[in-house]
Each structure stands twice: as structure tokens, then as C-alpha cells.
Amino acid sequence: MTNPIAHHKLHGLKLLFALVLSLPLLVQAAEPLPSWNDGPSKKNIVEFVQAVTDQSSKDFVKPEDRIAVFDNDGTLWSEQPMYFELLFALEEVKRTAPQHPEWKTTQPFQAVLENDHKALAASGLDGMLKIFGATHTGMTTEAFDDYAKTWLSQARHPKTGKPYTEMIFQPMLEMLDYLRSQNFKTYIVSGGDTGFMRAFAEKVYGIPPEQVIGTTFVTSFEYKDGKASILRTPKLAHNDDGPGKPVSIDAVIGRRPIFAFGNSDGDLQMLQWTAAGPGKRFMGLVHHTDAKREWAYDRQSQFGRLDKALDEAKNRGWTVVDMANEWRRIYPFDAVTTGQVQ
């Protein structure tokens, strides 16, 4: 016959043993931002979040006002050797070229088809707008979503060979999760096309379509043969870069953010708008300093130039994340490292 007292003691010992074994895991789970080295940026982020979520703190912010906005290119995922959406547009020109024989002798399309990077660069902003107009409009929103998702599922980054949706920053994914666990509402506010980002943002970042704000083209409603659709037209509705970012935040969100993160001069006005509000505020920049694991660039970069915003961040005490020294790993597929990696 089993001794009930001995049985309960044995059961209690098993539970105690299991608890002891799980303590390191519990501590690890409770530690926010595990891919960040202990340093000024992690400290600033955690202290800010703790201050605005503590009801006994003078800096407490109600959950409905905990708005956090993030740039996408260079902030949530990489942006070299060029913006990923631009790579998509160039590939779309080549894919659809048989339908446009005139492109063989018309710039900037001729430059794309001939891989003439010098001529493409010479076409400037006007050339880029023509390329984006040709590849992003003249179709329904559903068709564009399908084209974007197809490309994202098949295309690979020229340096890593990884899908572009894996070229995302693990430390920033952790920050998004950390903020949402503290009742922040996270938004993307990017110069990229809203429809392009909506094709992957929810799956990759956990950010739903209604919280993705980007550059938009004029759309129109069409009802034909009993079918309703939204048509994307070539006319630009809003350029969501630079000063366009705070304008769209005000129009779409209707609340000033208390937390904003970018990486380039195109994010400066979004950070200024965030900083101008009352109460405690957080403004951050990702500084690409890691030539070994990612890329090192700032003031002279053709893509993601960080010049005026870097100066203002230093002058105003905003958080500047030194990627090389403060991130234990860059991408989810990376091994964890510690300390300086330059």
C-alpha cells in the first residue's frame, strides 16, 4: 500500500525541482529586449516605458494615448543596397516590359531594362515617380497586393540570399512586442507605399493594415459587371516622407505619438512632432554603424541618409542606437553576439 504522506512529499519535491529548473527561463522571459546589449539605448527605452506605464508616476500616460510610430526602411528592416520597394519596382518593369515595347527606347525604363545604373540615377526623382507610377498603379488594390506578395515570396536579397521579409531587425521586433505588452499601439509611418507595406506588415511585424501609414496614390471606386473594386491611379495623393509624416499622423491617427523611431533625415519632422508634445517623450534613431553584420552609413548615403537628424538628436538628447555596439544580433537568423563587433 502506498504511503499517502510519502507520496505527497515526493510530489512536492518534484514541483519544487521543476520550479527551480524553470527560474532561469522565467527571468529570461521577463527581461525585455533580450537582443539588446545593456547600454544607454536599452536603458532609455525601458526607463521611458516604465515611467509612462506606472500609475503612481508623474509621467503616467493613459493607454489610449500610448502611440508609438516607426519608420520602416532602415528602421524595422534593412534598406541597402537600395530600398527594397525600389527593387520590387525595377523587377516589375522587367516583368511587364513585353506589354510595353516603347520602354526599350524611353527613359527611365530603358535604363532599367539595360541595367544602366548611371542613366537611372540621372533620371532623378522624376524618373523614380515614372517607374513607381508604371508599376504601382493602373490596377486594383487587390491586384497590386497580389503582385507585391508574389514578389516578396520569391525575391531574395543579393547579399544574404534571404527573403526580404527575413531582413528584419530582431531587436526592433522585440521592441514592438515589448511596447504592445505595455498597451502601446504601434504604427508604421513610412515613405514606402502603403499598399506595398500592407502586403507583409501584419505577418512580419504584427502591425495590422489599418496601422500602416505610407505614401499613397489617388484611388477611385469602380463598379463593373457586378463587381466592386478600388482602382489605383497614377496621381500621387500624399508623399509620406519628411514633413509629410507628421501631417499623415495627424490626419490618420489623430493623436500625437509619445514614442517615435526612425533612422534618417526623412524621419526628422516625425521626431520633431513627437518631441513637441507635452509630458515625457521618446525619440530614437537607428544608427547604421555595423559594416560587418549589416552596413555602415550615415551622412553620405544615397539611401537612408542620416545627417541633419543625427545632429539634432545629439543636440537634443534623443536616443541614438549604435547598432554595432548595442545589438547582440541584427536579424532573426543571426547568431547572438556580445560586445563591440566593429
Beta bridges per DSSP with both ends in the chain, % antiparallel, nearest 5: 40
Calculated FRET efficiency for the pair residue 64/residue 145, C-beta based, R₀ 22 Å, to 0.05: 0.15
Residue-count net charge about residue 107 - beta-carbon cut-off 13 Å; Lys, Arg +1, Asp, Glu -1: -1
Calculated FRET efficiency for the pair residue 110/residue 46, C-beta based, R₀ 41 Å, to 0.05: 0.20
Rounded percent of accessible protein surface that carbon and sulfur make up, the chain, 1.4 Å probe: 54
Prolate/oblate/rounded call for region 223-317, Cα gyration tensor, a/c under 1.5 rounded: oblate
Distance between modelled label sites at residue 218 and residue 307, nm, 7 Å Cα→Cβ extension: 3.3
Net lengthening on full extension, residue 203/residue 96 (0.36 nm per residue, minus Cα-Cα): 35.8 nm
Candidate lysines - alpha carbon under 27 Å from residue 227, same-chain residues fewer than 8 apart omitted: 149, 235
Spin-label model distance (nm) - residue 160 vs residue 82, 7 Å beyond Cα toward Cβ: 2.0
At least 27 Å along the helix axis (C-alpha) and Kyte average at least -0.5, DSSP helices within the chain: 4-30
Computed label-point distance, nm, for sites residue 252 and residue 276 using a 7 Å Cα→Cβ extension: 1.9
Rel. contact order, % - alpha carbon contacts under 8 angstrom, at least six apart, region 90-211: 17
Loop trypsin sites (Lys or Arg not before Pro), region 132-213 (other Cβ atoms within 10 Å of the site Cβ: 14 or fewer; DSSP): 156, 159
Accessible surface of residue 165 - all protein chains present, 1.4 Å probe, nearest 10 Å²: 40
Rh (Kirkwood; distinct C-alpha pairs) - the chain, Å: 22.2
Whole-Å semi-axes of region 133-192's equivalent ellipsoid (Cα gyration tensor): 27, 19, 10
Cα centroid of region 152-206 to Cα centroid of region 41-98, whole Å: 8
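The values are calculated or read from the model by the stated rules, or taken from the named source; none is laboratory data. Here the structure is a predicted model, which means the values were calculated and not measured. For neighbour counting, all protein chains shown are included, and Cβ atoms are generated from backbone atoms with ideal geometry for every residue, glycine included. The accessibility values were calculated without ligands, DNA or RNA, using every heavy atom of the protein model including side chains. Shrake-Rupley method; radii C 1.70, N 1.55, O 1.52, S 1.80 Å.
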